[in-house]
Amino acid sequence: MGRNKCNPVRSCFAYDKTDDTSVCKLCNVKIQDNHATNLMKHCKASHPKEMHEITEKQETASSSNSKNTTVKQRKLEDLYNIKISTSEILLTNACTELVTVNGRPFSIMDDSGFGKIIEPIIKGLGMKTGLSSEQIKSLMSNEAQLIRKNISDCVKDKLISLKVDAVTRLDCSFLGINIQFVENSKIHLKTIGLVELKESHTGN
Ligand SMILES: [Zn+2]
């Protein structure tokens, strides 16, 4: 058990490191060392009124200390109501990212473990629908529909050139089909299709 350096009684003394003495600010009495118990003993005997205030301060300090200890002693299996910052869009986008950017299968949405993680969040957000694989699929399909519409609106009545590129990402080769068109004197490029190639395009 370490000595309590924050004991409020210390505020009543000036400690002199060189001769290891504490001088009482109230009566200038010199006390050997700066052990809180010795300082308290002096204050209790010579300054009972001031001591009363000090004890009160100490009680407040120790009660906040015991609060900290309670936090540390939380049991792992106990349930807590925690406060987090998230939104329906953030959660939905994160789930979509799992299957698009991170390449996880759609079935991850229906996994019991994943459900246990996101269900409290869904409940907390008061979302009307959960986030099943079917829901993510339909959200992605709606999003794709919007992108397609956006591209077709962009190129309507414009001259386009078709550009075919082969790319390798994470050991997978793809044939990318892009279209280029000019808008506001700038060349724009949009990918309209990606086909996975079974053989490497580098010919190795
Ligand atoms: Zn004193």
Candidate set: segment 144-187, residues that are touching a helix residue (DSSP H, G or I) at 6+ places or on another chain (Cβ under 9 Å) and modelled with pLDDT of 90 or more; chosen: the one farthest from Thr100 (Cα to Cα): Phe181
For segment 40-56, which residues satisfy the criterion of being closer than 15 Å to Pro8 by Cβ and within 9 Å of the ligand (Cβ to nearest atom)? His42, Cys43, His47, Glu50
Looking at segment 138-160, is at least one residue under 23 Å from Asn93 (Cβ atoms), touching a strand residue (DSSP E or B) at 6+ places or on another chain (Cβ under 8 Å) and either polar (S, T, N, Q) or assigned by TED's automatic domain parsing to the domain that holds Ile89 (or both)? yes
Give segment 50-98 a look and list any residue that's of a type in the set (Val, Ile, Thr), over 30 Å from Asn142 (Cβ atoms), loosely packed, with under 10 Cβ neighbours inside 10 Å and at pLDDT 75 or above, or say none. Ile82
If you go through Met109, Met127, the only one that is in contact with a Cys (Cβ under 7 Å, 6 or more places away or on another chain), surrounded by 10 or more Cβ atoms within 10 Å (Cβ to Cβ) and within 17 Å of Ile89 (Cα to Cα) is Met109
Give the residue that is surrounded by the most Cβ atoms within 10 Å (Cβ to Cβ), with candidates limited to residues of segment 176-200 that are on the phi < 0 side of the Ramachandran plot and assigned to a loop (DSSP other than H, G, I, E, B). Ser200
When you check Ile151 against the structure, is it under 36 Å from the mean Cα position of the chain (by Cα), over 20 Å from Pro105 (Cβ atoms), touching a residue at least 40 places away in the same chain (Cβ under 8 Å) and not in a strand (DSSP E or B), yes or no? yes
Filter segment 11-27 down to the residues that are more than 10 Å from the ligand (Cβ to nearest atom) and not in a strand (DSSP E or B) and list them by number. Ser11, Lys17, Thr18, Asp19, Asp20
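The values are calculated or read from the model by the stated rules, or taken from the named source; none is laboratory data. Keep in mind that this is a model prediction, so the values were computed, not measured. Here the Cβ is made from the backbone with ideal geometry for all residues, glycine too, and neighbour counts use every protein chain on show.
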